[in-house]
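K.L.:
After the structure tokens below, expect a handful of questions from me.
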Amino acid sequence: MTTQPNLNQPGTIAVALMATTIAELTQQLRQLQTLTVRQPLVIEWRLDAWHDLSAWSELAQANQQIKQACPDLPLLLTWRTEQPGQPEVSSDRYQDQMTDLIEHLHGDLWDLEVAQTAALEPLRHLLGPTMPIVWSQHFWQPQTRQQLQLALVHAQTWAAPADYLKVATWAASPADCLALLEATWWAHQRLAPALITMAMGPAGQITRVLGPLFGSAWSFGALTAVGSAPGQLPLRRLDQQLTTLTAAMKGK
């Protein structure tokens, strides 16, 4: 494991816990603790995978278990609704569910979906002025460079200086990857918040490694066989590749 990371350091890896129950969570945490990771690491708890988001006692137990198992690692809490094939979630329901989650659970960062957040101020008040937010947008069809730039600029209107702008887009070709990387570099030169960008799908895997070179602070590695998004590289492999890249960026 690693010590508390600098979350804006290029090459930071977020790894998702996709457990549905306490038993699965215990197994995934044990698996994580056996790994030696050289890059800074963030734990993402994907609450949308949990079997019952109204079982607050069990969720509190799981929350405590994660913090005890990984006391030196930041915890990002995410309830992802932007997924293909899943029932659409209304903005009102999203707002209510996120309010409940924030009131009951504890993390070091929170993910909020730009398209679903109907009212920022009540959520920001609950989180506190210094809590970093990852403002996320997911596109399941390839986007042009201009579309991705506009998405990042739009997200910036919600963001405080300590927040992150996250964009994940589908890639069907190298051209789609180039559009994502060019948009990342453009935003890196112009926007204040830190960036988290990647292209999903098999064709987009290269962006998960090259992202730091273009200004993306984080990549996402898979702890389980399926990971938390299409095209994620296994955590150990991603760590090796990012270690090589970031060393080269530093001239080592």
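The values are calculated or read from the model by the stated rules, or taken from the named source; none is laboratory data. Everything numeric in this text was worked out from a predicted model, so none of it was measured. Here Cβ is always computed from backbone atoms with ideal geometry, including for glycine, and neighbour counts include all displayed protein chains. Note: areas computed on protein heavy atoms with side chains; ligands, DNA, RNA excluded. Shrake-Rupley method; radii C 1.70, N 1.55, O 1.52, S 1.80 Å.
K.L.:
With N residues in region 141-203, what two-decimal value do you get for its Cα radius of gyration over 2.2 N^0.38 Å?
P.N.:
Working: Rg = 11.2 Å, N = 63, 2.2 N^0.38 = 10.6 Å.
Working it through for region 141-203, the quotient is 1.06.
K.L.:
Taking H as built 1.01 Å from N, whose amide H comes closer than 5 Å to the amide H of residue 220, not counting residues under 5 places away?
P.N.:
Sorted by chain and number, the residues that satisfy this are 14.
K.L.:
So, with +1 on the Cβ of K and R and -1 on the Cβ of D and E, and no other charges, what is the size of the charge dipole of the chain about its Cα centre, to the nearest 20 debye?
P.N.:
Details: 15 positive and 20 negative charges, 229 e Å.
So the dipole magnitude of the chain works out to roughly 1100 debye.
K.L.:
Oh, and also: Dipole of region 154-251, Cα-centred, from +1 at each Lys and Arg C-beta and -1 at each Asp and Glu C-beta, to the nearest 20 debye?
P.N.:
Values: 6 positive and 4 negative charges, 38 e Å.
Computed charge dipole of region 154-251: roughly 180 debye.
K.L.:
Please state the equivalent ellipsoid semi-axes for region 27-116: what are the square roots of 5 times the Cα gyration tensor eigenvalues, largest first, in whole Å? List each step's numbers first, then the result.
P.N.:
Numbers: eigenvalues 122, 46, 31 Å².
Taking √(5λ) for each eigenvalue gives 25, 15, 12 Å, largest first.
K.L.:
Below 8 Å between Cα atoms, with a sequence gap of 6+, how large is the relative contact order for the chain in percent? Provide the component values of the computation, followed by the final result.
P.N.:
Working: 475 pairs, mean separation 50.1, N = 252.
This gives 20 percent for the chain.
K.L.:
Full-extension gain between residue 124 and residue 236, please, as 0.36 nm times their residue separation minus the C-alpha to C-alpha distance. Don't skip to the end; give the middle numbers.
P.N.:
Values: separation 112, 0.36 × 112 = 40.32 nm, distance 3.47 nm.
Additional length available on full extension: 36.8 nm.
K.L.:
Additional query: If a/c stays under 1.5 just call it rounded; otherwise compare a/b with b/c (prolate if a/b is bigger, oblate if not). Do that for region 1-69, with a ≥ b ≥ c from the square roots of the Cα gyration tensor eigenvalues.
P.N.:
Numbers: a/c = 2.34, a/b = 1.89, b/c = 1.24.
Taking the square roots of the gyration eigenvalues as a ≥ b ≥ c, region 1-69 is prolate.
K.L.:
First compute the accessible area of the chain with a 1.4 Å probe, then give the percent of it belonging to carbon and sulfur atoms.
P.N.:
Values: 5950 of 11050 Å².
On the chain, the fraction of accessible area on carbon and sulfur atoms equals 54 percent.
K.L.:
Given the options 60, 14, 183, which has the most mean-square fluctuation in a GNM of the chain, springs set between C-alpha atoms less than 10 angstrom apart?
P.N.:
Ranking 60, 14, 183 by mean-square fluctuation puts 60 first.
K.L.:
Right, next: Rounded to the nearest 500, what is the chain's calculated 222 nm mean residue ellipticity when only DSSP H runs of at least 4 contribute -39500 (n - 2.57) each, over all residues?
P.N.:
On the way: 8 runs with 102 residues, N = 252.
When only DSSP H runs of four or more count, the value is -13000 deg cm²/dmol.
K.L.:
Over region 117-249, one equal point on each Cα, no solvent: what is log10 I(q)/I(0) by the Debye formula at q = 0.12, 0.13, 0.21, 0.22 Å⁻¹?
P.N.:
Log10 I(q)/I(0), no solvent term: -0.46, -0.54, -1.23, -1.29.
K.L.:
Enter the accessible area per residue of the chain (Å², integer; probe 1.4 Å; all protein chains in place). All intermediate terms of the calculation are to be shown ahead of the outcome.
P.N.:
Working: 11050 Å² over 252 residues.
About 44 Å² of surface per residue is accessible.
K.L.:
Moving on to the next point. Please report the projected area of region 74-138's Cα convex hull averaged over all directions, in nm². Don't skip to the end; give the middle numbers.
P.N.:
Numbers: hull surface 17.3 nm².
Average projection, Cα convex hull of region 74-138: 4.3 nm².
K.L.:
Could you tell me the calculated FRET efficiency between residue 243 and residue 20, based on Cβ-Cβ distance and R0 = 30 angstrom, to the nearest 0.05?
P.N.:
0.40
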